[in-house]
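A.B. asks: One structure is given below, represented as structure tokens, and several questions about it will come after.
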Amino acid sequence: MPELPEVETVRRAIAPALEGRTLEHVVINDIRLTRPEDPLAVAAELTGERVEHVDRRGKYLIVRFASGRALLIHLRMTGSLLRDPVGTSHLRALVRLDDGSEVGYRDVRRFGTWLLLEPGELEPYLGARVGEEPLVAAFTAKGLGERLEGRKAPLKAALLDQRTLAGLGNIYVDEALWYARLHPLRPARSLDRDELRRLHRAIRKALELGIARQGSTLTDYRLPDGSSGSMQKEFKAYGRLDEPCDRCGTPLEKIRVGGRGTWFCPNCQRLD
Ligand SMILES: [Zn+2]
């Protein structure tokens, strides 16, 4: 599933194509994309809207229109946006812009969503679902500690909760915990100041590396020009069962935390 670095990579690639452009013709041919709204009605509402900015919050892409409305796109498992997607399979929506170019939405597994919000609806919608952005300057180790305070949940589960921090998923939580040398089953509330500082730094490091590598390509993630990211070559923990830890050489282990596969080094990331 695309996480913050993948969604941010898509945003950076697609924003120049959309910003300042008017949606001249919109086709949505998947009822799951807009449900419970009728895709025909949503397409009609989108037609004529002019794009002001393409933003991101957590794993959401936000297409802000000059009218004050916003289209909130969640790519879920396999969604992607493509520029001039001629001949692409699994296209669920196609937008023609006023410069004649096209942007397509491709989704093999069809879990992605498009939600058109009226002016004033965006902030309350996101406010109820996503916490602080981990890459903004205002995100501090102290603030992270406040968000984990009193929480008995395992660290991994607390970090996967989008209301703790926006945009972390299974990959980048495992990577951040490896960098921070913290066991995924540590109770979230048990971290001391030094550990919080390490975790804060590690979260940013993992996400920034992911963005620099244009995300990780595991199954169907593609950049808007059809290329793919290379973060998977940098993984320290995720998916590396029995491979030697890059820090100490100990074979990495896999456990399940909250139903999610979780990889860690049993030597560097101790529970006691
Ligand atoms: Zn190790």
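A.B. asks: Which one of 206, 15, 41 has the biggest mean-square fluctuation once the chain is modelled by GNM with Cα springs under 10 Å?
C.D. replies: 41
A.B. asks: Specify the angular offset, from 0 to 90 degrees and rounded to the nearest 10, of the alpha carbon long axis of helix 170-180 from the longest principal axis of the alpha carbons in the chain.
C.D. replies: Once rounded, one gets 40 degrees.
A.B. asks: If you don't mind, there's one more thing I want to ask. May I ask you to give the average projected area over all directions of the convex hull of the Cα atoms of the stretch 219-270, in nm² rounded to one decimal?
C.D. replies: Its Cα hull, projected and averaged over all orientations, spans 4.6 nm².
A.B. asks: Please check: in the Gaussian network model of the chain (C-alpha springs, under 10 Å), which one of 123, 37, 234 has the largest mean-square fluctuation.
C.D. replies: 123
A.B. asks: Let me ask something additional. Post the alpha-carbon centroid distance, the stretch 234-270 to the stretch 32-54, in whole angstrom.
C.D. replies: A separation of 42 Å, based on Cα centres.
A.B. asks: Take the alpha carbon atoms of the chain, find their radius of gyration, then divide it by 2.2 N^0.38 Å using N residues; give the quotient.
C.D. replies: Working: Rg = 19.7 Å, N = 272, 2.2 N^0.38 = 18.5 Å.
Its radius of gyration relative to the 2.2 N^0.38 Å reference: 1.06.
A.B. asks: Considering only protein heavy atoms, what per residue accessible area in square angstrom results for the chain with a 1.4 angstrom probe?
C.D. replies: Roughly 45 Å² per residue, with all protein chains present.
A.B. asks: Next question. In whole Å and largest first, what semi-axes does the C-alpha gyration tensor of the stretch 1-113 yield when each eigenvalue is scaled by 5 and square-rooted?
C.D. replies: Working: eigenvalues 66, 55, 41 Å².
Each semi-axis is √(5λ); the values are 18, 17, 14 Å.
A.B. asks: Tell me the relative contact order for the chain as a rounded percent, counting alpha carbon contacts under 8 Å between residues six or more apart.
C.D. replies: Answer for the chain is 18 percent.
A.B. asks: Leaving out ligands, DNA and RNA, what percent of the accessible area of the chain is carbon and sulfur, probe 1.4 Å? Could the numbers behind the result be given before it?
C.D. replies: On the way: 5910 of 12310 Å².
Roughly 48 percent, rounded to a whole number.
A.B. asks: Solvent-accessible area of residue 90, probe 1.4 Å, all protein chains present, reported in Å² to the nearest ten, please.
C.D. replies: Roll a 1.4 Å probe over it and residue 90 shows about 80 Å².
A.B. asks: I need the per residue convex hull volume for the stretch 144-197, using only the alpha carbons, in cubic angstrom as a whole number.
C.D. replies: It is 69 Å³ per residue.
A.B. asks: Determine how many Å³ per residue the convex hull of the Cα atoms of the stretch 138-272 encloses.
C.D. replies: For the stretch 138-272, the hull spanned by Cα atoms encloses 114 Å³ per residue.
A.B. asks: Which value in Å does the Kirkwood hydrodynamic radius of the stretch 63-211 take, with 1/r averaged over all unlike C-alpha pairs and then inverted?
C.D. replies: 17.5 Å
The values are calculated or read from the model by the stated rules, or taken from the named source; none is laboratory data. Note that the coordinates shown come from a computational prediction; the quantities given were computed from them, not determined experimentally. Only protein heavy atoms, including side chains, enter the accessible area calculation; ligands, DNA and RNA are left aside. Shrake-Rupley method; radii C 1.70, N 1.55, O 1.52, S 1.80 Å.
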